[in-house]
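Remarks on the structure that follows.
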Amino acid sequence: MVQALNILKQRFGYDSFRFQQQEIIETLIRGQDVLVLMPTGGGKSVCYQIPAIIREGTGIVISPLIALMQDQVDALEHNGIRAAFLNSTQSAEQQQQVRQQLLNNEIDLLYVAPERAMTADFLQLLQLTTISLFAIDEAHCVSQWGHDFRRDYQNLYRLHDLFPEIPRIALTATADQRTRHEIEQQLNLQQAEKFIHSFDRPNIFYQITEGQNNRQRLWNFINGSHAQDAGIVYCLSRKQVDSTASWLCAKGRNALPYHAGLDKEMRADHQRKFLQQESVIIVATIAFGMGIDKPDVRFVAHMNLPKNIESYYQETGRAGRDGLPANAWLAYGLQDVITLRQMAQDSDANEDHKRNVHHKLEAMLGLCEQTRCRRQTILNYFDEVMEKPCGHCDNCVTPPPTWDATEASRMALSCIYRTGQRFGVNYLIDVLLGKPHERIIQNNHDKVSTYGIGTLLSNAEWHSIYRQLIALGYIISDAESYGALKLAPQCKPLLKGDESLQLRQYTKQETVKKTSSTKSRSSVRVADQPLFNALRTYRKDLAEKLGVPPFVILHDKTLQDICRHRPDNHAQMATISGIGAKKLDMYGADILGLIAQHPIDNALDNGLSDTVNETIKLFREGIAIPQIARQRELTESSVYHHLCAAIAEDIVTAQEVVELDQSSIDDIIYTIELSTEDSGFSMKTVFEALEGAYDYNTLNCVKASLRE
Ligand SMILES: [Zn+2]
């Protein structure tokens, strides 16, 4: 095992194994089969890469993602590991060259697609090769129920018949029991050692928001928390993808559409830009993302409700693979609930399948509407118990207020009943609000008892009530009569007054504060930002020159560690996480040079928080306080508050901030001291004693300059 650890340190630049990596590697080296279930970002590939290096021969990696092979091989070669791939993008000559390398035992890892792996030609080649192991990546593709199903995967069981001595490792990030079971069955892995990792992704902040105008809310989220970050926005339809992408572009972001309706070159081009450039947003249908191995996706936003928790988990799992803070944001509204309910009813699948789809949709809706911890619910869905609420999701941070909606729900339900269970939600709300529309009058619905009884609540609040009643199963939305709402048997006790009902309160604004990006950026202190930016530019230029994504060169986390530790020499640099021998060799000198060129700003190298330092930095650049407040979207008194902290630490002086002459300052100090002697300090007393000549901000700054 010392050998494995040495390789991890030497080649990959990490000091220790994470989670169960070590046990998995040991088991494979012993020659035993392994099945690994690990969330994305858990470090799956090291589990087979290291044994492939240690065991004699070549590790054959079967992966469905041809587009990704080049990056995977580049990344390995960057760590000094001999890797290659064989696929249809190569010329006959290139393929022949790889074959020869394989026969000469010059490759540690070879990537192939499943359709090639099982051809007679390739199997024959394998017979002539020394094989160290077979790694079957994205093993859930074997499952007929999943949306990533690949027929070729079902033939992979033959590998075991043909090469019974060679250990196999199957890996997936899909968690549900049924898929797990199918993988075992189809790939003949009943005897394999199983490693099931927790599916928690602690660095992802889950946030699910309700309401209308999704697009504006999306913008508030992206602009507020991810102004410079790469992310994925998922939409339901191609049309929505195109319009959302152009809308984001008009807002000044580099947003690229991706869906099956675009031609192949454009899709490939957009995917490449997303991988290779920084700050790109991909707007896509769910066709996008499988195997997108980009570690620094900082957010995944859903403009519509995913069909089930598996999809939601898988799609949001593309955020934050590097372990740094990331956001999963979902907007949903009444129409989502109705559309998905109808799709579940409409599908012409058999009853069994329909029930399954329906059940999964219920669970997804439950996740959206509930008021307890989101993460507990998600993990619970994957049969994992989390004892305490996570403290890192919207419901934990801002527990949603609930209210007794019994009376309002009765109104909503009886309005459906009184109007004959024939109308959609907008009509029903108009009746409740007593709108004298022609159609309502024609139908005589201005005469029903529910006409105009709902004016105490707003249109948006009624939308929220109807959505929750549908989600909770009190109301059925009928696909056959164009979305008319009907009463479900479940609503009887509520209508009869035998049951009361608590609902989430409708909230106008996003309840969640800025969380992530500000935080993810803040893992680099303000004082270190010039160096961090210089390192990013260096990496970007290099990536362009070499034609690889920036993260293949160095991860964000590595750049942050460099800023934090500012190594002085090669030996210190080697201790930085993510810098192995080869990278040290290639980039060490350049990075040391950049560190020397960007010495730390001593004034900002303090114990104050990042937000305070951000203000100090702008103030020292000579920007006026009102301008700082505007730029940072803070109140002026918050800016003064930050500057008071800076005054107390002797980073700036009170005179610099308040621009008063010395005699005025002395005046204030005198009054403050007097007031303190009298009866304990009160700024209000000082303010009044000075007859309002100086505002509170000024007084606070002077006070901050006094030694306690
Ligand atoms: Zn939580």
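The values are calculated or read from the model by the stated rules, or taken from the named source; none is laboratory data. The shown structure was predicted, so the numbers you read here are calculated from the model rather than taken from an experiment. So basically every Cβ, Gly included, is an ideal-geometry build from the backbone, and we count neighbours across all protein chains shown.
For the range 563-574, does any single residue satisfy the condition of being buried (at least 16 other Cβ atoms within 10 Å of the Cβ), touching a Gly at 6+ places or on another chain (Cβ under 7 Å) and not basic (Lys, Arg)?
Yes, there is a match, as at least one residue in the range 563-574 is buried (at least 16 other Cβ atoms within 10 Å of the Cβ), touching a Gly at 6+ places or on another chain (Cβ under 7 Å) and not basic (Lys, Arg).
Would you mind finding the one in Ile579, Ile595 that is outside any helix (DSSP H, G or I) and surrounded by 12 or more Cβ atoms within 10 Å (Cβ to Cβ)?
Working: Ile595 fails: outside any helix (DSSP H, G or I).
That would be Ile579, the only listed residue that is outside any helix (DSSP H, G or I) and surrounded by 12 or more Cβ atoms within 10 Å (Cβ to Cβ).
Would you call Glu461 surrounded by 15 or more Cβ atoms within 10 Å (Cβ to Cβ), modelled with pLDDT under 90 and more than 16 Å from the ligand (Cβ to nearest atom)? Can you show your working first?
Details: surrounded by 15 or more Cβ atoms within 10 Å (Cβ to Cβ): yes; modelled with pLDDT under 90: yes; more than 16 Å from the ligand (Cβ to nearest atom): yes.
When the stated conditions are applied, Glu461 passes them.
Only helices (runs of 4 or more DSSP H) wholly contained in the range 69-159 count here; list those with 2 or more residues that are touching a Phe, Trp or Tyr at 6+ places or on another chain (Cβ under 8 Å), not acidic (Asp, Glu) and not assigned by TED's automatic domain parsing to the domain that holds Pro550. Explain how you work it out, then say what you get.
Working: elements: 92-103, 114-117, 120-127.
The helices (runs of 4 or more DSSP H) meeting that bar are 114-117.
Restrict the check to the range 394-402 and report whether at least one residue is farther than 30 Å from Pro325 by Cβ and of a type outside the set (A, V, I, L, M). Don't jump to the end; show me each part of the working.
Taking the range 394-402 and keeping what is farther than 30 Å from Pro325 by Cβ, we get none.
The answer is no, given that none of the residues of the range 394-402 is farther than 30 Å from Pro325 by Cβ and of a type outside the set (A, V, I, L, M).
Which of (1) buried (at least 19 other Cβ atoms within 10 Å of the Cβ); (2) at pLDDT 80 or above is the odd one out, the single condition Asp446 does not satisfy?
Only one criterion in (1) buried (at least 19 other Cβ atoms within 10 Å of the Cβ); (2) at pLDDT 80 or above is unmet by Asp446, namely (1).
Could you list, in sequence order, all residues of the range 45-68 that are within 31 Å of the chain's Cα centre (by Cα), surrounded by fewer than 23 Cβ atoms within 10 Å (Cβ to Cβ) and part of a helix (DSSP H, G or I)?
Result: Ser45, Val46, Ile66, Ala67, Leu68.
Among the helices (runs of 4 or more DSSP H) lying completely within the range 206-302, list those that include at least 1 residues that are aromatic (Phe, Trp, Tyr) and farther than 30 Å from Val73 by Cβ. Show your work before the answer.
On the way: elements: 214-225, 238-250, 264-276.
In the range 206-302, 214-225, 238-250 are the helices (runs of 4 or more DSSP H) which contain 1 or more residues that are aromatic (Phe, Trp, Tyr) and farther than 30 Å from Val73 by Cβ.
Restricting to the range 1-19, what's the tally of residues that are buried (at least 19 other Cβ atoms within 10 Å of the Cβ) and outside any helix (DSSP H, G or I)?
Selection size over the range 1-19: 2.
From (1) under 30 Å from Lys9 (Cα atoms); (2) part of a helix (DSSP H, G or I), pick out the condition that doesn't hold for His641.
Result: His641 fails condition (1) only.
With the structure loaded, tell me whether Arg321 is touching a Leu at 6+ places or on another chain (Cβ under 8 Å), in contact (Cβ under 8 Å) with a residue 24 or more places away in the chain and not hydrophobic (A, V, I, L, M, F, W, C) or whether it fails that test.
Numbers: touching a Leu at 6+ places or on another chain (Cβ under 8 Å): no; in contact (Cβ under 8 Å) with a residue 24 or more places away in the chain: yes; not hydrophobic (A, V, I, L, M, F, W, C): yes.
Taking the combined requirement at face value, the residue does not satisfy it.
Could you tell me which numbered condition Ile623 fails, if it satisfies all but one of (1) outside any helix (DSSP H, G or I); (2) over 25 Å from Ser225 (Cα atoms)?
It is condition (2) that Ile623 fails.
Hey, does the range 164-179 have a residue that's within 30 Å of Gly323 (Cβ to Cβ), without any contact (Cβ under 8 Å) to a residue 60 or more places away in the chain and away from the ligand (no atom under 16 Å from the Cβ)? Before you say what the answer is, go through the steps one by one.
Going through the range 164-179, the residues within 30 Å of Gly323 (Cβ to Cβ) turn out to be 167-179.
Still in the list and also without any contact (Cβ under 8 Å) to a residue 60 or more places away in the chain: 178-179.
In the following step, the residues that additionally are away from the ligand (no atom under 16 Å from the Cβ) were identified as 178-179.
The answer is yes; a qualifying residue exists.
Kindly indicate which of Arg168, Arg215 is of a type outside the set (A, V, I, L, M, F, W, C) and either touching an Asp or Glu at 6+ places or on another chain (Cβ under 7 Å) or buried (at least 22 other Cβ atoms within 10 Å of the Cβ) (or both). Even if it seems obvious, please write down each step before you answer.
Details: Arg215 fails: either touching an Asp or Glu at 6+ places or on another chain (Cβ under 7 Å) or buried (at least 22 other Cβ atoms within 10 Å of the Cβ) (or both).
When all the criteria are applied, what remains is Arg168.
Mind listing just one residue for me: the one in the range 657-708 that is among the aromatic types (Phe, Trp, Tyr) and within 20 Å of Val639 (Cβ to Cβ) and, of those, surrounded by the fewest Cβ atoms within 10 Å (Cβ to Cβ)? Talk me through it step by step, then tell me what you get.
Restricting attention to the range 657-708, the residues satisfying the condition of being among the aromatic types (Phe, Trp, Tyr) are 670, 681, 687, 694, 696.
Next, from what is left, pick out any that are within 20 Å of Val639 (Cβ to Cβ): 687, 694, 696.
Working: Phe687: 18, Tyr694: 20, Tyr696: 14.
So, considering only residues that are among the aromatic types (Phe, Trp, Tyr) and within 20 Å of Val639 (Cβ to Cβ), the one surrounded by the fewest Cβ atoms within 10 Å (Cβ to Cβ) is Tyr696.
Whether any residue in the range 665-684 is among the basic types (Lys, Arg) and closer than 24 Å to Arg525 by Cβ is what I want to check. Can you show your working first?
Looking only at the range 665-684, we keep the residues that are among the basic types (Lys, Arg), and these are 684.
Imposing the further condition that a residue be closer than 24 Å to Arg525 by Cβ reduces the set to none.
Scanning the range 665-684 turns up no residue that is among the basic types (Lys, Arg) and closer than 24 Å to Arg525 by Cβ.
All but one of (1) closer than 24 Å to Leu305 by Cβ; (2) modelled with pLDDT of 90 or more hold for Leu494; state the number of the condition that does not hold.
Result: Leu494 passes all but (1).
Mind checking which helices (runs of 4 or more DSSP H) fall wholly inside the range 327-432 and carry at least 3 residues that are surrounded by 15 or more Cβ atoms within 10 Å (Cβ to Cβ) and within 16 Å of the ligand (Cβ to nearest atom)?
Working: elements: 334-346, 351-369, 374-381, 394-397, 406-418, 425-432.
Output list reads 351-369, 374-381, 394-397.
Checking the condition over 26 Å from Thr339 (Cβ atoms) and either among the β-branched types (Val, Ile, Thr) or touching a Gly at 6+ places or on another chain (Cβ under 9 Å) (or both), which residue from Val385, Val431 passes? Break it down stepwise before answering.
Working: Val431 fails: over 26 Å from Thr339 (Cβ atoms).
Every option except Val385 fails the conditions.
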